[in-house]
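The values are calculated or read from the model by the stated rules, or taken from the named source; none is laboratory data. Every value quoted in this text rests on a predicted model; they were computed, and no experiment measured them. All Cβ positions, even for glycine, are placed from backbone atoms using ideal geometry, and neighbour counts span all protein chains on display. Accessible surface is based on the protein model in full, side chains and every heavy atom, while ligands, DNA and RNA are left aside. Shrake-Rupley method; radii C 1.70, N 1.55, O 1.52, S 1.80 Å.
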Amino acid sequence: MKASKYLGIALSVVLAATVAACNQSESGGSGSGYPNKDLDWTVAFGPGGGNDKLARKLVDILKKDKLYPNNIAVENREGGSGATGWGYLTKKKGDGYAISTTSGSFITSPLVAKTGFTYRDFTHVGLLASDALFFIVKKDTGISTWQQWVDKAKQKGSVTIAGIGEVNVDFIVADILAEKAGFKMAYVPFDDQGELITALTSDAVDGAVSNPSEVIGQLDSGDLVALMFTGKEALPKYRDVPTAQSLGYPGLPTMPRGLILPPDAPKEATDWWIETMRKVVETPDWKAYVEDSFLAEDLRWGPDFTKYLDETNLTFEIILKARKKIPR
């Protein structure tokens, strides 16, 4: 009688454990039911920029394909060339339900300012793509070629060039071009793409560098003219825009577009995001986004993304030291 009673208890325990395991599996987690909470997605720049567009496209795909089972709240936390947003993420240490996308200033801002963090502090999910730049001017300037710009800049004595982020890839590219072409430049940083376009179209600045996806409308309408593309190959839609390399400026850096979690994020969360993003980048929506946004897909997961960040950080550090932008 007692043996039968104990056997019944044992079977109940096994059944309960089995049901719990099934529930965890169905919730998409790895042992603890991850993910089973709402997600806090930080965009470290203002609306309309490349970082913002990437984040919102990823969220759209996650929702459309039902890859994330709970609500995703996207919040623009711009300021300090990304330092405000990523600083917010560092305060979520150990949290698997906070996330953000990267840009060049994810690496450069900590090099030149006391942000309280570096790229090494975060949990690296993956690199998704790299983003090159257009050098653009207003059409009514009458400038239609890079050489005309250089001649005008030298004649003027000094020009103002706008970009996103104080010491971002935008600044590095603009500064290298000015140095190699032989004209003087004052760089004007913005955290919001709309403000940058307003500054350029209102003649508050002379020129600008911008990710292609952020100025397609103005280029197609004829309000702006692209004088140069910094990618390795000309864009199919804009084959008449010469590459930097063809104009004598090879090896210009590009913007890393990746995904990160807070410091010390749980392994189960990291593994889930790597597995899920592998699915995201295989969707037709992602493929179309890469093509339409003129990105160069570059997929590196976990440790491979960390290695990429290490190498890119060293490159940016050398460039910024040469330009005396890193505090001694």
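How many residues does segment 100-135 contain that are under 21 Å from LYS307 (Cβ atoms) and hydrophobic (A, V, I, L, M, F, W, C)? It would help to see each step written out before you state the result.
Step one: list which residues in segment 100-135 are under 21 Å from LYS307 (Cβ atoms), which gives 100-111, 117-131.
Pick out the ones that are also hydrophobic (A, V, I, L, M, F, W, C) and you get 106-107, 111, 117, 122, 125, 127-129.
Qualifying residue count for the region: 9.
Would you check which residues across segment 303-328 are open to solvent by less than 30 Å² (accessible area, probe 1.4 Å), under 21 Å from LEU261 (Cα atoms) and among the β-branched types (Val, Ile, Thr) and list them?
Within segment 303-328, THR312 is the sole residue that qualifies.
Taking segment 133-176 on its own, how many of its residues are open to solvent by 10 Å² or more (accessible area, probe 1.4 Å), in contact with a helix residue (DSSP H, G or I) (Cβ under 9 Å, 6 or more places away or on another chain) and small (Gly, Ala, Ser)?
Number of matching residues: 1.
Pairs please, first residue from segment 141-158 and of a type in the set (Gly, Ala, Ser), second anywhere and open to solvent by 60 Å² or more (accessible area, probe 1.4 Å), Cβ atoms under 6 Å, 6+ apart in sequence or on different chains.
SER158/LYS184
State yes or no: is ALA199 within 19 Å of LYS139 (Cα to Cα) and outside any helix (DSSP H, G or I)?
No.
Across segment 178-210, what is the number of residues that are open to solvent by less than 20 Å² (accessible area, probe 1.4 Å) and in contact with a strand residue (DSSP E or B) (Cβ under 7 Å, 6 or more places away or on another chain)?
11
I'd like the full set of residues that are in contact (Cβ under 8 Å) with a residue 24 or more places away in the chain, open to solvent by less than 90 Å² (accessible area, probe 1.4 Å) and within 25 Å of LYS63 (Cβ to Cβ), limited to segment 286-297.
In the first step, residues of segment 286-297 are kept if they are in contact (Cβ under 8 Å) with a residue 24 or more places away in the chain; the result is 286, 289-290, 292-297.
When the remaining residues are screened for being open to solvent by less than 90 Å² (accessible area, probe 1.4 Å), the result is 286, 289-290, 293-297.
If the condition is that a residue be in contact (Cβ under 8 Å) with a residue 24 or more places away in the chain, open to solvent by less than 90 Å² (accessible area, probe 1.4 Å) and within 25 Å of LYS63 (Cβ to Cβ), then TRP286, TYR289, VAL290, SER293, PHE294, LEU295, GLU297 are the ones that fit.
Specify the residue that is surrounded by the fewest Cβ atoms within 10 Å (Cβ to Cβ); the eligible residues are those in segment 271-285 that are more than 17 Å from the chain's Cα centre (by Cα) and not in a helix (DSSP H, G or I).
By that ranking, first place goes to GLU282.
Show the residue pairs that are 6+ apart or on different chains and have beta-carbon atoms under 7 Å apart, the first residue being within segment 201-216 and of a type in the set (D, E, K, R), the second being open to solvent by less than 10 Å² (accessible area, probe 1.4 Å) and modelled with pLDDT of 95 or more.
What qualifies is ASP206/VAL159; ASP206/ILE161.
Identify, please: which residue in segment 125-148 is under 17 Å from the mean Cα position of the chain (by Cα) and small (Gly, Ala, Ser) and is, among those, modelled with the highest pLDDT?
GLY126
Looking only at segment 79-124, count how many residues are open to solvent by less than 20 Å² (accessible area, probe 1.4 Å), at pLDDT 95 or above and either in contact with a Cys (Cβ under 7 Å, 6 or more places away or on another chain) or farther than 30 Å from PRO250 by Cα (or both).
Total meeting the criteria: 10.
Residue-wise test of (1) under 13 Å from LYS57 (Cβ atoms); (2) acidic (Asp, Glu); (3) at pLDDT 95 or above.
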{"residue": "THR283", "(1), (2), (3)": "yes, no, yes"}
{"residue": "ASP304", "(1), (2), (3)": "no, yes, yes"}
{"residue": "ASP310", "(1), (2), (3)": "no, yes, yes"}
{"residue": "LEU320", "(1), (2), (3)": "no, no, no"}
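Tell me, please, whether a residue that is within 21 Å of PRO212 (Cβ to Cβ) and out of contact with any Lys or Arg (no Cβ under 6 Å at 6 or more places or on another chain) can be found in segment 149-159.
yes
For ASP175, indicate whether it is under 22 Å from MET255 (Cβ atoms) and assigned to a helix (DSSP H, G or I). Give the derivation first.
Numbers: under 22 Å from MET255 (Cβ atoms): yes; assigned to a helix (DSSP H, G or I): yes.
Criteria met by ASP175.
Any idea which residue in segment 212-270 is most open to solvent (accessible area, probe 1.4 Å), counting only those that are at pLDDT below 95, of a type in the set (A, V, I, L, M, F, W, C) and part of a loop (DSSP other than H, G, I, E, B)?
It comes out as ALA234.
Test of understanding: among ALA113, ALA153, ALA73, ALA162, which residue is under 28 Å from ASP285 (Cβ atoms) and not polar (S, T, N, Q)?
ALA73
On the given criteria, is ARG300 open to solvent by less than 50 Å² (accessible area, probe 1.4 Å), within 17 Å of the chain's Cα centre (by Cα) and of a type in the set (Lys, Arg)?
Values: open to solvent by less than 50 Å² (accessible area, probe 1.4 Å): no; within 17 Å of the chain's Cα centre (by Cα): yes; of a type in the set (Lys, Arg): yes.
No; evaluated as a whole, the condition is false for this residue.
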